[in-house]
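The values are calculated or read from the model by the stated rules, or taken from the named source; none is laboratory data. No experiment lies behind these values; they were computed from the predicted model shown. Cβ placement follows ideal geometry from the backbone for every residue including glycine, while neighbour counts extend to all protein chains displayed.
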Amino acid sequence: MKFTNNQKKVTYIYIGILILLFLYALKNTSYFVRVSTFLFSTFLFYITDSFFKLKFKNYHYLIFILTSAAGILMSPLYFISTNYDKILHLISPILLSILIFYLADKTNLKFSTKLLITFSVILSFLALFEIGEYLLDRLFDLKLQGVFLRDISGISKLRIIMDRNDDTMIDLILGAIGSLIFTTYKAIIFNFKKLNKKN
């Protein structure tokens, strides 16, 4: 039986839902919020793709689901490992750059302009993300800004490891580096292919 493109995309969404069963071990009081946010973001990605006819490929869905799962579903790891958040802020922009470049590549712009658009959109997204974290912390004290670790005296107690401002700036720097890694890689591949054509 051969699956259509839409059926494959829906299958990836179901795979994302199945990941929830695997992550049940990370259950805590915010589990429902995390699951709801993950499902909503995945559904929003699908709706945006369908409505604007962006024609994302199946591997784009996989990238989005993995990025969402790592950032939303596995968020308790932020309070267990001081490096988890930083690794995500480096790797997620690389993965998201793949999605943005795919859209930019559909235009008739110069290759360098496509890379500039990709880099600029990722930086804008990072800035909006940090603004969102700031607002959510101000409104609900979710401890999104700053690096916190669970205290050995109790699972609900957190101690701050890195100042909120330092955390925000390092997150932005790591995100910019991640996007630069992608754009540099793309530029090298593009120029390499160009040289091969000349030879």
Here are the criteria: (1) modelled with pLDDT of 95 or more; (2) of a type in the set (D, E); (3) surrounded by 17 or more Cβ atoms within 10 Å (Cβ to Cβ). Tell me which single one E130 does not satisfy. (1)
Show the residue pairs meeting these rules: Cβ distance below 7 Å; 6+ apart or different chains; first residue within the stretch 118-132 and touching a residue at least 40 places away in the same chain (Cβ under 8 Å); second residue among the β-branched types (V, I, T). T118/I100; T118/T183; F119/T183; I122/I100; E130/T168
For the stretch 135-145, does any single residue satisfy the condition of being buried (at least 20 other Cβ atoms within 10 Å of the Cβ), of a type in the set (D, E) and not in a loop (DSSP other than H, G, I, E, B)? no
Restricting to the stretch 63-80, count the residues that are over 15 Å from the mean Cα position of the chain (by Cα) and either buried (at least 17 other Cβ atoms within 10 Å of the Cβ) or polar (S, T, N, Q) (or both). 2
Would you confirm whether any residue within the stretch 81-98 is surrounded by 20 or more Cβ atoms within 10 Å (Cβ to Cβ), touching a Lys or Arg at 6+ places or on another chain (Cβ under 8 Å) and either of a type outside the set (S, T, N, Q) or not in a loop (DSSP other than H, G, I, E, B) (or both)? no
K186 - would you say it is of a type outside the set (G, A, S) and in contact (Cβ under 8 Å) with a residue 12 or more places away in the chain? yes
